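> Supplied in C-alpha coordinates, the structure appears directly below.
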Amino acid sequence: MELRDGVVPTGLGQDGPSVLTVRWSDGHEGRHRVRDLRLACPCAQCVDEWTGERTLDPATVAEDVRPVSIDPVGRYGIQIEWSDGHATGIYTFETLATLCSCAPCTPEGGTPA
(Lines give C-alpha, C1' and ligand atoms only; values in the text may rest on other atoms or scores of the structure.)
Protein backbone atom coordinates (compact mmCIF):
# COMPACT_ATOMS: atom_id res chain seq x y z
CA MET A 1 0.00 0.00 0.00
CA GLU A 2 1.29 3.45 -0.82
CA LEU A 3 0.42 5.85 1.99
CA ARG A 4 -1.41 8.87 0.65
CA ASP A 5 -1.76 12.23 2.37
CA GLY A 6 -4.31 12.16 5.14
CA VAL A 7 -4.61 8.36 5.25
CA VAL A 8 -4.19 7.08 8.80
CA PRO A 9 -4.91 3.86 10.67
CA THR A 10 -8.37 3.75 12.22
CA GLY A 11 -8.07 0.38 13.94
CA LEU A 12 -5.79 -2.54 14.78
CA GLY A 13 -6.75 -6.14 15.40
CA GLN A 14 -5.52 -9.72 15.46
CA ASP A 15 -6.63 -12.22 12.86
CA GLY A 16 -5.52 -15.35 14.64
CA PRO A 17 -2.19 -15.62 16.43
CA SER A 18 0.04 -14.73 13.49
CA VAL A 19 -1.64 -11.85 11.63
CA LEU A 20 -2.12 -8.23 12.66
CA THR A 21 -4.72 -6.27 10.70
CA VAL A 22 -4.58 -2.51 10.21
CA ARG A 23 -7.72 -0.69 9.07
CA TRP A 24 -6.97 2.54 7.21
CA SER A 25 -9.11 5.66 6.80
CA ASP A 26 -9.36 5.03 3.03
CA GLY A 27 -11.09 1.68 3.67
CA HIS A 28 -8.06 -0.53 3.07
CA GLU A 29 -7.50 -3.37 5.54
CA GLY A 30 -3.84 -4.30 5.66
CA ARG A 31 -2.57 -7.64 6.86
CA HIS A 32 0.81 -8.16 8.49
CA ARG A 33 2.50 -11.36 9.59
CA VAL A 34 3.46 -10.53 13.16
CA ARG A 35 6.85 -12.25 12.97
CA ASP A 36 7.63 -10.30 9.78
CA LEU A 37 6.82 -7.08 11.65
CA ARG A 38 9.14 -8.11 14.50
CA LEU A 39 11.91 -8.92 12.01
CA ALA A 40 11.39 -5.52 10.35
CA CYS A 41 11.84 -3.59 13.60
CA PRO A 42 13.51 -0.28 12.71
CA CYS A 43 15.14 0.43 16.08
CA ALA A 44 18.87 0.99 16.64
CA GLN A 45 19.13 -2.39 18.36
CA CYS A 46 17.91 -4.16 15.20
CA VAL A 47 19.44 -1.91 12.51
CA ASP A 48 22.92 -0.36 12.46
CA GLU A 49 22.37 3.40 12.69
CA TRP A 50 25.37 4.22 10.52
CA THR A 51 25.05 1.71 7.72
CA GLY A 52 21.35 0.85 7.80
CA GLU A 53 22.36 -2.82 7.83
CA ARG A 54 19.99 -5.13 9.67
CA THR A 55 21.70 -6.54 12.76
CA LEU A 56 18.83 -8.63 14.12
CA ASP A 57 19.47 -12.33 13.53
CA PRO A 58 16.14 -13.88 12.46
CA ALA A 59 17.18 -17.15 14.12
CA THR A 60 16.91 -15.39 17.50
CA VAL A 61 13.23 -14.51 16.99
CA ALA A 62 10.74 -17.23 17.90
CA GLU A 63 8.31 -18.34 15.20
CA ASP A 64 5.43 -17.67 17.60
CA VAL A 65 6.48 -14.14 18.63
CA ARG A 66 3.44 -11.92 19.12
CA PRO A 67 2.50 -8.39 20.16
CA VAL A 68 1.85 -8.01 23.89
CA SER A 69 0.80 -4.37 23.62
CA ILE A 70 0.55 -1.77 20.90
CA ASP A 71 0.65 1.93 21.75
CA PRO A 72 0.28 5.05 19.60
CA VAL A 73 3.31 7.29 19.13
CA GLY A 74 2.19 10.83 18.35
CA ARG A 75 0.19 11.03 15.16
CA TYR A 76 2.73 9.17 13.05
CA GLY A 77 3.21 5.64 14.30
CA ILE A 78 2.88 2.82 16.81
CA GLN A 79 5.22 1.11 19.24
CA ILE A 80 4.86 -2.64 19.76
CA GLU A 81 5.93 -4.52 22.86
CA TRP A 82 6.75 -8.06 21.74
CA SER A 83 6.44 -11.35 23.62
CA ASP A 84 10.25 -11.71 23.39
CA GLY A 85 10.64 -8.58 25.54
CA HIS A 86 11.65 -6.25 22.70
CA ALA A 87 9.82 -2.90 22.75
CA THR A 88 12.01 -0.13 21.31
CA GLY A 89 10.93 0.01 17.67
CA ILE A 90 8.58 2.68 16.37
CA TYR A 91 6.68 1.65 13.25
CA THR A 92 5.64 4.77 11.37
CA PHE A 93 2.38 4.68 9.44
CA GLU A 94 4.46 4.86 6.26
CA THR A 95 6.46 1.80 7.36
CA LEU A 96 3.27 -0.12 8.20
CA ALA A 97 1.83 0.70 4.78
CA THR A 98 5.04 -0.43 3.07
CA LEU A 99 5.11 -3.72 5.00
CA CYS A 100 1.50 -4.64 4.17
CA SER A 101 1.37 -8.18 2.79
CA CYS A 102 -2.24 -8.35 1.61
CA ALA A 103 -2.92 -9.41 -1.99
CA PRO A 104 -3.48 -5.91 -3.44
CA CYS A 105 -0.26 -4.61 -1.84
CA THR A 106 2.14 -7.35 -2.91
CA PRO A 107 3.34 -7.89 -6.47
CA GLU A 108 2.95 -11.65 -6.08
CA GLY A 109 -0.57 -11.27 -4.68
CA GLY A 110 0.51 -13.05 -1.50
CA THR A 111 -1.48 -13.16 1.68
CA PRO A 112 -0.36 -13.80 5.23
CA ALA A 113 -0.42 -17.37 6.41
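> Out of everything in segment 61-75 that is in a loop (DSSP other than H, G, I, E, B) and surrounded by 13 or more Cβ atoms within 10 Å (Cβ to Cβ), what residue ends up being farthest from the chain's Cα centre (by Cα)? Don't jump to the end; show me each part of the working.
Going residue by residue through segment 61-75, those that are in a loop (DSSP other than H, G, I, E, B) are 61-66, 74-75.
Going one step further and asking which of them are surrounded by 13 or more Cβ atoms within 10 Å (Cβ to Cβ), we end up with 61, 65-66.
Numbers: Val61: 15, Val65: 13, Arg66: 11 Å.
The extreme case among them is Val61.
> How many residues does segment 10-20 hold that are under 17 Å from Gln79 (Cα atoms) and either in contact with a helix residue (DSSP H, G or I) (Cβ under 9 Å, 6 or more places away or on another chain) or modelled with pLDDT of 95 or more (or both)? I'd like the intermediate steps shown before the answer.
Here is the first cut: in segment 10-20, the residues under 17 Å from Gln79 (Cα atoms) are 10-14, 19-20.
Right, trim to either in contact with a helix residue (DSSP H, G or I) (Cβ under 9 Å, 6 or more places away or on another chain) or modelled with pLDDT of 95 or more (or both) and you get 14, 19-20.
Count: 3.
> When you scan segment 46-60, do you find a residue that is among the aromatic types (Phe, Trp, Tyr) and under 12 Å from the mean Cα position of the chain (by Cα), even just one?
In the first step, residues of segment 46-60 are kept if they are among the aromatic types (Phe, Trp, Tyr); the result is 50.
Now drop any that are not under 12 Å from the mean Cα position of the chain (by Cα), which leaves none.
So far as segment 46-60 goes, no, none of its residues is among the aromatic types (Phe, Trp, Tyr) and under 12 Å from the mean Cα position of the chain (by Cα).
> Kindly provide the set of residues from segment 46-58 that are assigned to a loop (DSSP other than H, G, I, E, B) and either among the β-branched types (Val, Ile, Thr) or surrounded by 12 or more Cβ atoms within 10 Å (Cβ to Cβ) (or both), ordered by number. First the steps, then the outcome.
Within segment 46-58, the first condition is being assigned to a loop (DSSP other than H, G, I, E, B), and the residues that meet it are 46, 48-53, 55-57.
Residues satisfying the conditions are Cys46, Thr51, Thr55, Leu56.
> Would a scan of segment 26-36 turn up a residue that is assigned to a loop (DSSP other than H, G, I, E, B), touching a strand residue (DSSP E or B) at 6+ places or on another chain (Cβ under 8 Å) and not basic (Lys, Arg)? Give the derivation first.
Our first condition is that a residue be assigned to a loop (DSSP other than H, G, I, E, B); within segment 26-36, this holds for 26-28.
Remaining after also requiring touching a strand residue (DSSP E or B) at 6+ places or on another chain (Cβ under 8 Å): none.
No, segment 26-36 contains no residue that is assigned to a loop (DSSP other than H, G, I, E, B), touching a strand residue (DSSP E or B) at 6+ places or on another chain (Cβ under 8 Å) and not basic (Lys, Arg).
> Looking at (1) within 30 Å of Gly6 (Cβ to Cβ); (2) without any contact (Cβ under 8 Å) to a residue 12 or more places away in the chain, which one does Gly85 not meet, given that it meets all the others?
Among (1) within 30 Å of Gly6 (Cβ to Cβ); (2) without any contact (Cβ under 8 Å) to a residue 12 or more places away in the chain, the lone unmet condition for Gly85 is (1).
> Sort out which residues of segment 9-25 are touching a residue at least 12 places away in the same chain (Cβ under 8 Å) and not in a strand (DSSP E or B), and write them in order of number.
Selection gives Asp15, Pro17, Ser18, Ser25.
Residue-by-condition table, conditions (1) in contact with a Phe, Trp or Tyr (Cβ under 6 Å, 6 or more places away or on another chain); (2) surrounded by 13 or more Cβ atoms within 10 Å (Cβ to Cβ); (3) among the charged types (D, E, K, R); (4) modelled with pLDDT of 85 or more:
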| site | (1), (2), (3), (4) |
| --- | --- |
| Gly77 | yes, yes, no, yes |
| Tyr91 | no, yes, no, yes |
| Ala97 | no, yes, no, yes |
| Cys102 | no, yes, no, no |
| Cys105 | no, yes, no, no |
| Ala113 | no, no, no, no |
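The values are calculated or read from the model by the stated rules, or taken from the named source; none is laboratory data. What you see is a predicted model; the values in this text were computed from it and never measured. In this analysis, Cβ positions are derived from the backbone assuming ideal geometry, glycine residues included, and neighbour counts consider all displayed protein chains.
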